[in-house]
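Only one structure is covered here, and it is reproduced in the block below.
The values are calculated or read from the model by the stated rules, or taken from the named source; none is laboratory data. Since the structure is predicted, the reported quantities are computational estimates derived from the model, not experimental observations. Note that each Cβ is placed from the backbone with ideal geometry, even for glycine, and that neighbours are counted across all protein chains shown. Calculation scope for accessible area: heavy atoms of the full protein, side chains included, ligands and nucleic acids excluded. Shrake-Rupley method; radii C 1.70, N 1.55, O 1.52, S 1.80 Å.
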Amino acid sequence: MGGREIEASGAVSEPFGIFRGPAPTGPVVLTPMQYNERLPPMKVVMDALSGRQLFAGDEELDATQPFIFYLTQRLGWDPRQIMSRPQWRVPKTPSSSRTSGYPVDLAVFDSPERCGDPEHVRILVECKAPSETEGIDQLKTYLALEPEARLGIWFNGQSHVLVYRLNSGFYINRFAPVPRPGDPLAPAAAQRPLCYGDLIPPPNLGEIFRRLRDRIAAQDSHVNRDEFILHDLANLLISKIVDEQQGELDPQRPMAFQVAGRSSATSHAIHQFFQDVRSRLSSVFTDDADRLHIDDES
């Protein structure tokens with residue numbers, strides 16, 4: 001999805017861009033009359049992985065190409081183990097040909113040497129504008145038809161959703177970070193996620209807050225003053241209340257406040273949820289720069 005491959009004069013034969021050379025001076029805007037009167041204006045861009053020129057719409061420009069950069073430059077995935085163009089295709093039935101299958105924006109394989117081998121495809125990525133629900137349903141279909149894939153990622157240029165395929169079905173996580181090379185392609189410990197029905201009232205809530213304050217003051221590498229500690233605890237408490245309210249309305253929804261494997265992954269999920277709560281409760285969080293100060297271990 002997102003971009004159509006084209007043949008154009010001056011096309012390069014070697015991959016370029018963010019990996020192996022300078023990018024073009026800028027995208028070339030084509031009007032509808034130049035290629036199809038029924039289509040909106042698009043741009044000609046180079047795919048950062050393959051070096052192929054594409055007619056690119058907003059999905060390609062705002063989601064697919066930025067996500068390639070994020071995977072390779074921020075998370076450390078080898079660009080040689082990611083396929084963008086030609087697009088990886090998922091067979092529509094177990095016995096049908098891949099040639100006429102569903103095209104996937106990005107496919108990640110377990111090693112550069114096995115890129116393109118259906119026995120070693122691990123992650124399927126869809127970068128598109130449809131609703132989150134449609135994107136998740138589409139990834140579920142792809143994962144069911146691609147027996148070796150373990151994880152689907154939906155990205156719309158602003159937010160992402162992870163769709164894990166488990167033996168028992170699918171597990172959706174909107175808060176966990178995109179995995180790095182070597183991370184398990186499964187939820188933390190592959191266990192059932194914590195939902196609202198699993199929560200139990202604490203025997204002494206005041207004692208829990210006292211222990212939290214003492215632990216942060218003694219061990220946190222970022223803050224040790226009470227005004228900052230209490231500020232963060234208040235923000236976390238508001239976020240936790242919102243999380244439980246949403247969980248009560250949707251008991252099958254995994255809670256945002258739960259262990260997500262490594263401490264850094266748990267911290268990332270909590271920070272992302274806090275930012276979402278802050279944006280929605282503008283009457284409570286009047287400062288857009290408000291943030292959590294405590295470190296990942298806390």
Those residues that are part of a loop (DSSP other than H, G, I, E, B), under 16 Å from Trp88 (Cα atoms) and open to solvent by 20 Å² or more (accessible area, probe 1.4 Å), I need them from the stretch 121-166; list them, please. Pro147, Glu148, Arg150
Ser221 touching a residue at least 40 places away in the same chain (Cβ under 8 Å) and of a type in the set (Gly, Ala, Ser): yes
Candidates Arg278, Arg210, filtered to the one that is open to solvent by 50 Å² or more (accessible area, probe 1.4 Å), of a type in the set (Lys, Arg), more than 24 Å from Val163 (Cα to Cα) and modelled with pLDDT of 90 or more: Arg278
Looking at Arg180 and the list (1) open to solvent by 70 Å² or more (accessible area, probe 1.4 Å); (2) within 20 Å of Glu59 (Cα to Cα); (3) in contact with a Gly (Cβ under 7 Å, 6 or more places away or on another chain), which single condition is not satisfied? (2)
For Pro193, state whether it is open to solvent by 50 Å² or more (accessible area, probe 1.4 Å), in a loop (DSSP other than H, G, I, E, B) and modelled with pLDDT under 90. no
Taking the stretch 89-119 as the region of interest, how many residues are open to solvent by less than 70 Å² (accessible area, probe 1.4 Å), of a type outside the set (A, V, I, L, M, F, W, C) and under 21 Å from the mean Cα position of the chain (by Cα)? 4
Looking at (1) of a type outside the set (Phe, Trp, Tyr); (2) closer than 25 Å to Phe170 by Cβ; (3) touching a His at 6+ places or on another chain (Cβ under 9 Å), can you tell me which one Asp296 breaks? (2)
